[in-house]
Amino acid sequence: MPVKPLPPNPDLNQLKYQAKDLRKAHAARDRAAAQRLREFHPRMHQASDDEIFEAKLSLSDAQLAIARERGFPSWARLKRRVEKPKPADRLDLPHHERIEDADFRRAVDLIDAGDVAGLRAHLKQHPKLSRQHVIFEGMNYFHNPSLLEFVAENPIRRGELPANIVDVARVILEDAVLNGGVERKSLQDALALSATGSVPQQCGVQNGLIELFCDYGADPQSELQAAALHGSLGAVATLLSRGAKLDMPVAAALGRIDDVRRMLSSAGADERHLTFAMSTQYGRIEIVRLLLDAGEDPNRYNPVRGHSHSTPLHQAAGYGPMELVQLLVERGARPNIKDIMWQGTPADWARHMGRTEIEKYLREKEV
């Protein structure tokens, strides 16, 4: 689920009221509140709606969820941002312009310029840089990146990458090996950002970055579903070629119904839920029908990490064919459920995307 960035002049009292409202919604057994808590409260990630409603929700619990919903790890960090903002908190600036460390900022500039020789010399002069991190908060991800994670241009800062970005990334990795070793988390995060990023794909360097990170020991399996959820089927193919094993959600994204049918009987509830979300996202109508027949609920919000602010009908209304929208409605999907981010119904999503026929159909079903 995308986080909700703070407005330019946030009010701490208003954020406190939001925490109180979340407690009230929880007490009222509101399913949207359960989804928000499942996404943003670390104790509730694996909990069902009923388990969340039965759990005690203190004010500090609600404040923690609100802080994480805004992209901060704790209420204290959110409070610091509101009361004592720093240059790194400027969400109106691209990330490289928010870096306060001059040496780190220079290294990022060299990455963006594709200056292999200049970067190698800079890292040699500052041997700790290849393992150093900077802190960003208030966004959905990219909270504590190392230099390696800047090579993916994800989040988008400039909208382009140098053609030799794989060589640039290799310089950082080689320097890290010489100065204590490549950090596993940084390597995996760099793989994730590259496999899910639109700019590496558009610039034709996505597969090269994936191959490089896998050469250094990154696990291709861990990012397979994320790549599929972000529409990067080319990255999915590369990850599979590097040893990732096909699972049911990714089989659904690829439209491989025979594989889905074969895996369905042994799949757990979470895997079925994600497969259902993936199949609606990609408009795989026959796989959606198969999962509905197997008992999947079309009115559940999509799972955490799977466009969880919306339901399958929202995704179908915004991006899928009319036949899929009709199938979901005929099988019980309620067209009046609102998404969590923008409080829009599926018909509102269709209108936003200019899908007049689908909007008209859903408006008639809202009555």
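Among the helices (runs of 4 or more DSSP H) contained in the stretch 266-359, which hold 3 or more residues that are small (Gly, Ala, Ser)?
By residue number, 269-281, 312-319.
Checking Asp21 against (1) acidic (Asp, Glu); (2) modelled with pLDDT of 95 or more; (3) buried (at least 19 other Cβ atoms within 10 Å of the Cβ), which test does it fail?
Condition (3) is where Asp21 drops out.
Suppose we keep only residues that are exposed (fewer than 12 other Cβ atoms within 10 Å of the Cβ) and of a type in the set (D, E, K, R) within the stretch 74-100. Which one would you say is modelled with the lowest pLDDT?
It comes out as Asp92.
Among the candidates Glu366, Glu323, Glu357, which residue alone is modelled with pLDDT under 95 and more than 22 Å from the chain's Cα centre (by Cα)?
The conditions single out Glu366.
If you go through the stretch 115-144, how many residues are without any contact (Cβ under 8 Å) to a residue 12 or more places away in the chain, under 21 Å from Glu183 (Cβ atoms) and assigned to a helix (DSSP H, G or I)?
Here the count works out to 1.
If we keep just the residues of the stretch 327-365 that are of a type in the set (Asp, Glu) and exposed (fewer than 12 other Cβ atoms within 10 Å of the Cβ), which is farthest from Ile285 (Cα to Cα)?
By that ranking, first place goes to Glu364.
Among the residues of the stretch 42-58, are any aromatic (Phe, Trp, Tyr) and within 30 Å of Glu160 (Cβ to Cβ)?
Within the stretch 42-58 (the criterion being aromatic (Phe, Trp, Tyr) and within 30 Å of Glu160 (Cβ to Cβ)), the answer is no, since none of the residues qualifies.
So which of Leu209, Leu239, Leu254 ends up being modelled with pLDDT of 95 or more and surrounded by fewer than 22 Cβ atoms within 10 Å (Cβ to Cβ)?
The unique qualifying residue is Leu254.
What number of residues within the stretch 192-211 satisfy the criterion of being of a type in the set (Asp, Glu) and within 24 Å of His143 (Cα to Cα)?
Count: 0.
Filter the stretch 16-35 for residues that are out of contact with any Phe, Trp or Tyr (no Cβ under 9 Å at 6 or more places or on another chain) and in contact (Cβ under 8 Å) with a residue 24 or more places away in the chain and give the result.
Passing the criteria: Lys16, Gln18, Lys20, Leu22, Arg23.
The values are calculated or read from the model by the stated rules, or taken from the named source; none is laboratory data. Keep in mind the model is a prediction, meaning the values are calculated, not measured. All Cβ positions, glycine included, derive from the backbone under ideal geometry; neighbour counts span all protein chains shown.
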